[in-house]
1. Would you calculate, for the chain, the mean residue ellipticity at 222 nm contributed by helices, counting each DSSP H stretch of 4 or more residues as -39,500 (n - 2.57) and dividing by all residues, to the nearest 500?
2. Round to the nearest 10 and give me the degree value, 0 to 90, for the angle of helix 39-74's Cα axis relative to the longest principal axis of the chain.
3. Along the Cα-to-C-beta direction of residue 11, a point sits 7 Å from the Cα; which residues of region 62-83 have their amide N less than 11 Å from that point?
4. Give me the dipole magnitude in Debye, nearest 20, for the chain about the Cα centre, with unit charges on the beta carbon: positive for Lys and Arg, negative for Asp and Glu.
5. For region 17-164, which whole percent of the accessible surface, found with a 1.4 angstrom probe, sits on carbon and sulfur atoms?
6. Please turn the phi angles of region 147-154 into ³J(HN,Hα) values with the Karplus equation 6.51 cos²θ - 1.76 cosθ + 1.60 (θ = phi - 60°), one per residue in order, whole Hz, x for glycine and proline.
7. Where does helix 3-34 land angle-wise versus the long Cα axis of the chain, in degrees 0 to 90, nearest 10?
8. Pick the calculated Rg and Dmax of the Cα atoms in Å for this structure from [x] 15.9, 47; [y] 16.0, 52; [z] 18.6, 60?
Amino acid sequence: MSPIYYLTVTLHLLAAFVWLGGMIAFALLAPALRSLEDDDVRQRIFQMLGERFRAVGWVCIAVLLITGVGQLHFRGWWGPGFWGVPGFWGTDLGVALAGKLTTVGFMVTAQGLHDFWLGPEAGRAVPQSDEARVLRRRAALLARGNAAVGLVLIYFAVRLARGG
């Protein structure tokens, strides 16, 4: 393989570590922040951390998508006609690739819903209101669920790396 292939794999892994690692860190940090008694302070801290990680997370997603397409290209899995090759999707590699692509699609969609709709709505809600509690709970569940789905993504990535 070419050095560019190894560079794309390295960048892909680094972006995955930062994105998924950030989600897991947030999931572990959230209970500690919930122990803060002042709702206003707690909500501002969550909002500041969320906004800062949002920018980093979306840069990581862009890197992951670009390097993921690059890896497909280097493996000969990108180009006209490949996606319709009979029998490929029934192979171990095809099943692993389909699982990874499906999981990526789910995670990017969930991240978008969290970052651009539910999270900002929770941040704008009046602290201590019923609406704020419901929105924060939904945002937290979506974020934790997305981090858990990230573990499924790792499973499919390992399968791909190991031949299916």
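1. -27500 deg cm²/dmol
2. Around 10 degrees separate the two axes.
3. Output list for this probe position: 62-71.
4. The calculation lands at about 320 debye.
5. Working: 5920 of 8620 Å².
Taking all protein chains in place, region 17-164 shows 69 percent carbon and sulfur surface.
6. 5, 5, 5, x, 5, 5, 4, 4
7. So the helix axis and the longest Cα principal axis differ by about 20 degrees.
8. Looking at Rg and Dmax of the Cα atoms in Å for this model, the match is [z].
The values are calculated or read from the model by the stated rules, or taken from the named source; none is laboratory data. Note that the structure is predicted; figures quoted are calculated from it, not measured. Quick reminder, even Gly has a Cβ in these numbers, built from the backbone with ideal geometry, and neighbours come from all protein chains shown. Areas reflect the complete protein model, heavy atoms only, side chains present, ligands, DNA and RNA absent. Shrake-Rupley method; radii C 1.70, N 1.55, O 1.52, S 1.80 Å.
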